[in-house]
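K.L.:
Have a look at this one before I ask anything.
Just so it is clear, none of the values below were taken in a lab; they were calculated from the coordinates. Worth saying up front: this structure is predicted, and the values here are computed from it rather than measured. When we count neighbours, we look across all protein chains shown, and the Cβ atoms used for this are built from the backbone with ideal geometry, even at glycine.
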Amino acid sequence: MGRDGAISLVAAGGLFAANAINSVILEYFNFAAVWLVNSVIAAALGGFSLYRYYLSRTLAYSR
């Protein structure tokens, strides 16, 4: 399996796990609370990705 296949496999596993966790959480909390938590997690991951991208670009140009 190539690198792209491994990345796709990890992404599929992450989506499967997130779906399973959300279905369990929805039994105890309402939809709005679960949606809010998921949105905060997605925003944090997006911000972290942008930060890592910024670091990779600035460190590459500083060499």
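K.L.:
Of everything in the stretch 8-36, what is over 12 Å from the mean Cα position of the chain (by Cα) and of a type in the set (Val, Ile, Thr)? Give them in sequence order. Give the derivation first.
P.N.:
Initially, the stretch 8-36 is screened for residues over 12 Å from the mean Cα position of the chain (by Cα), giving 8-9, 16, 19-36.
Ile21, Val24, Ile25, Val34, listed by residue number.
K.L.:
Being loosely packed, with under 11 Cβ neighbours inside 10 Å and hydrophobic (A, V, I, L, M, F, W, C) is the filter here, so list the residues in the stretch 25-41 that pass it.
P.N.:
Matches in the stretch 25-41: Phe31, Ala32, Val40.
K.L.:
Now for a separate question. Select from the stretch 42-63 the residues that are loosely packed, with under 10 Cβ neighbours inside 10 Å and aliphatic (A, V, I, L, M) and list them in ascending order.
P.N.:
Residues satisfying the conditions are Leu59, Ala60.
K.L.:
Among the residues of the stretch 22-63, count how many are among the hydrophobic types (A, V, I, L, M, F, W, C) and not in a helix (DSSP H, G or I).
P.N.:
1
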